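Reading through the structure tokens given below for one structure.
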Amino acid sequence: MEQSLRIVMVHTSHPGNIGAAARAMKNMCLSELFLVQPHDFPSAAASARAAGADDVLQSAKLARTLADAVAECRIVIGASARLRSVQWPQLTPREAAVLAYTESRQAPVAFVFGRESSGLSNQELDLCTHLVHISSNPAFSSLNVAMAIQVVSYELFLVSQTAQAIEPVERQPASHAAE
């Protein structure tokens with residue numbers, strides 16, 4: 001993917017989740033990882049879980065605050081396990097991927113994932129322009145952060161593959177009917 005799509009992880013407590021997220025990203029052709037005050041990074045546990053996505057870990061950018069990590073982003077999509085009563089548009093992963101892929105042609109777009117134990121704070125959500133919610137079992141709706149990143153990364157990958165298949169067709173000159 002040539003667009004500027006970034007994954008932002010906020011206050012990740014387990015380094016293995018950072019490595020698993022890097023692996024998920026690389027599987028789906030994403031490479032921009034931003035880490036906001038991770039508890040333990042760099043880490044051997046992150047490298048072990050990355051399983052070949054060491055380049056994503058090595059190029060990860062550390063940020064002091066979420067505001068710093070998303071400062072240049074036009075669209076910031078926060079992930080939430082809970083549907084919330086907020087004014088931001090709430091999107092499915094597929095809707096969020098279409099929006100992000102399209103908008104990332106003009107300016108950086110970020111997907112933000114919060115702490116393993118409590119997600120994003122209200123102050124962090126205030127920095128978002130949209131929310132993404134991954135539907136799951138209502139009785140057990142909290143996904144592991146790396147799994148949530150895998151779902152979003154997969155949807156971005158599907159959108160990019162569809163766009164790449166369509167774009168060459170759109171560029172071809174119209175054929176003239178045989179005389």
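The values are calculated or read from the model by the stated rules, or taken from the named source; none is laboratory data. Small disclaimer: the values here were computed from a predicted structure and weren't measured. So basically every Cβ, Gly included, is an ideal-geometry build from the backbone, and we count neighbours across all protein chains shown. What goes into the accessible areas is simple: the full protein's heavy atoms, side chains included, and nothing from ligands, DNA or RNA. Shrake-Rupley method; radii C 1.70, N 1.55, O 1.52, S 1.80 Å.
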Item to check | Rg to Rh quotient for the chain, alpha carbon positions, Kirkwood Rh | outcome: 1.03
Item to check | region 77-163: chymotrypsin sites (Phe, Trp or Tyr not before Pro) in DSSP coil with no more than 12 other Cβ atoms inside 10 Å | outcome: Phe140
Next on the checklist: Sequence gap at least 6, Cα distance under 8 Å: using those rules, report the relative contact order of region 80-141 to the nearest whole percent.
Outcome noted: 60 percent
Item to check | Accessible surface, the chain, averaged per residue in Å² (probe 1.4 Å) | outcome: 53 Å²
Checklist entry - Using a Gaussian network for the chain with springs between C-alpha atoms less than 10 Å apart, which of these wobbles most: Ala51, Ala148, Ala60? => result Ala51
Checklist entry - Which percent, nearest 5, of DSSP beta bridges in the chain are antiparallel? => result 5 percent
Checklist entry - So what's the back-of-envelope 222 nm ellipticity for the chain, counting only DSSP H runs of four-plus at -39500 (n - 2.57) apiece and dividing by all residues, rounded to 500? => result -11500 deg cm²/dmol
Item to check | Relative contact order of the chain, defined on C-alpha pairs under 8 angstrom at six or more residues apart (%) | outcome: 28 percent
Checklist outcome for this item: With a 1.4 angstrom probe the carbon and sulfur portion of accessible area for the chain, in percent, totals 52 percent
Checklist entry - Relative to the present Cα-Cα distance, how much length would full extension add between Ser117 and Ala71 at 0.36 nm per residue of separation? => result 14.0 nm
Checklist outcome for this item: Per DSSP, the loop-located trypsin sites (Lys or Arg not before Pro) within region 1-100 having at most 10 other beta carbons within 10 Å are Arg64, Arg82
Next on the checklist: Loop only by DSSP, 14 or fewer other Cβ within 10 Å of the Cβ. Give me the GluC sites (Glu not before Pro) in region 22-122 that pass, ordered by residue number.
Outcome noted: Glu72
